[in-house]
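Structure first, then comments.
Every read-out reported here was derived from the displayed coordinates using simple, explicitly stated rules and does not represent laboratory data. None of these values were measured; they are calculated from a predicted model. With ideal geometry, Cβ positions are generated from the backbone for all residues, glycine too; neighbour counts draw on all protein chains shown.
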Ligand SMILES: NC(=O)c1ccc[n+]([C@@H]2O[C@H](COP(=O)([O-])OP(=O)(O)OC[C@H]3O[C@@H](n4cnc5c(N)ncnc54)[C@H](O)[C@@H]3O)[C@@H](O)[C@H]2O)c1
């Protein structure tokens, strides 16, 4: 995989899958941008790969617009946006206890955030004459989730990705959606903890064999490369 001369923005790159993706992209020769609302870990993740950090709250359009404007003033273009920022709230919360505010907060980050990042990245991708958007959904989008909000948000990301792919093809922008399985990150460990607290010891989540973030990172980075030029649609990973 070769990402020489590619400028790749990894939103949500401070920790977990995004951070691992930044490492793979940098090792493949990319100029890496890490954007995240976790400034401490985001700056560290960017510095570790010789990249740049930009603060962003993907749920807030003013913040997203400002972050991409700042990228535009530092770099003349973007070759790829990899949008990994996401949250999972409400794991194992029963439907009748599930607050609307919690439901909406998850959609705001996972779905609205993906929409906003795509919207504000596209002008920079167009400057490259050819670009890639990779959205991170989840196997939960098609197999069900521990959280009503999370599953719904990721189903929305899949549909958003299909719509973006169809509409942006004319601009030479390729869009893929990646659906990871069970990966060993802070988010997944919080779900396992919630199951233990809500349902007791020994549940299904606690018995899962978790994959390494870098396994997904390799796929996300590859999708940003020209080697994946002919790849279309949704991809499931471990
Ligand atoms: N870990 C898994 O098993 C798994 C499975 C399927 C999908 N995913 C998806 O992979 C992606 C990465 O998750 P992860 O498992 O690495 O967890 P993680 O919590 O380590 O990473 C999520 C990142 O998103 C950032 N973020 C959260 N809200 C943000 C906001 N409003 N603005 C900007 N940044 C924000 C966090 O600071 C963090 O760096 C998520 O979209 C998640 O839904 C994870």
Checklist entry - Assuming R0 = 41 Å, what is the FRET efficiency of residue 66 and residue 238, from their Cβ-Cβ distance, to the nearest 0.05? => result 0.70
Next on the checklist: Shape verdict for segment 1-64, please, from the Cα gyration tensor: rounded (a/c under 1.5), prolate (a/b greater than b/c) or oblate.
Outcome noted: prolate
Next on the checklist: Taking just the alpha carbons, could you work out the radius of gyration and Dmax for the chain, both in angstroms?
Outcome noted: 17.0, 53
Item to check | Residue-averaged 222 nm ellipticity for the chain, from DSSP H runs of 4+ at -39500 (n - 2.57), nearest 500 | outcome: -14500 deg cm²/dmol
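Using 0.36 nm per residue of separation minus the Cα-Cα distance, give me the extension gain between residue 210 and residue 95 in nm, one decimal.
38.7 nm
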Item to check | Two-site FRET efficiency, residue 166 against residue 77, from Cβ-Cβ distance with R₀ of 30 Å, rounded to 0.05 | outcome: 0.85
Item to check | For 209, 104, order by how many other beta-carbon atoms lie within 10 Å, fewest first | outcome: 209, 104
Checklist entry - Once you sort the root eigenvalues of the Cα gyration tensor of segment 36-116 as a ≥ b ≥ c, which label holds: rounded (a/c under 1.5), prolate (a/b larger than b/c) or oblate (the other case)? => result prolate
Next on the checklist: Relative contact order of the chain, please, whole-number percent, based on alpha carbon pairs below 8 angstrom and at least 6 residues apart.
Outcome noted: 21 percent
Checklist entry - Tell me, in nm to one decimal, what length is gained between residue 126 and residue 104 on full extension, where the rule is 0.36 nm per residue of separation less the Cα-Cα distance? => result 4.8 nm
Next on the checklist: Going by average Cβ density within 10 Å per residue, which order do the peptides 122-134, 79-91, 171-183 take, highest to lowest?
Outcome noted: 79-91, 171-183, 122-134
Item to check | Acute angle (nearest 10 degrees) that the helix 148-168 long axis makes with the longest principal axis of the chain, alpha-carbon atoms | outcome: 20 degrees
Checklist entry - Residue separation times 0.36 nm, minus the C-alpha to C-alpha distance between residue 229 and residue 40: what's the value? => result 64.6 nm
Checklist entry - Gap in Å between the Cα centre of segment 48-76 and the Cα centre of segment 174-192? => result 23 Å
Next on the checklist: Tell me the relative contact order for segment 148-224 as a rounded percent, counting alpha carbon contacts under 8 Å between residues six or more apart.
Outcome noted: 25 percent
Item to check | Listed residues 11, 109, 136, most fluctuating in the chain (Gaussian network, C-alpha, under 10 Å) | outcome: 109
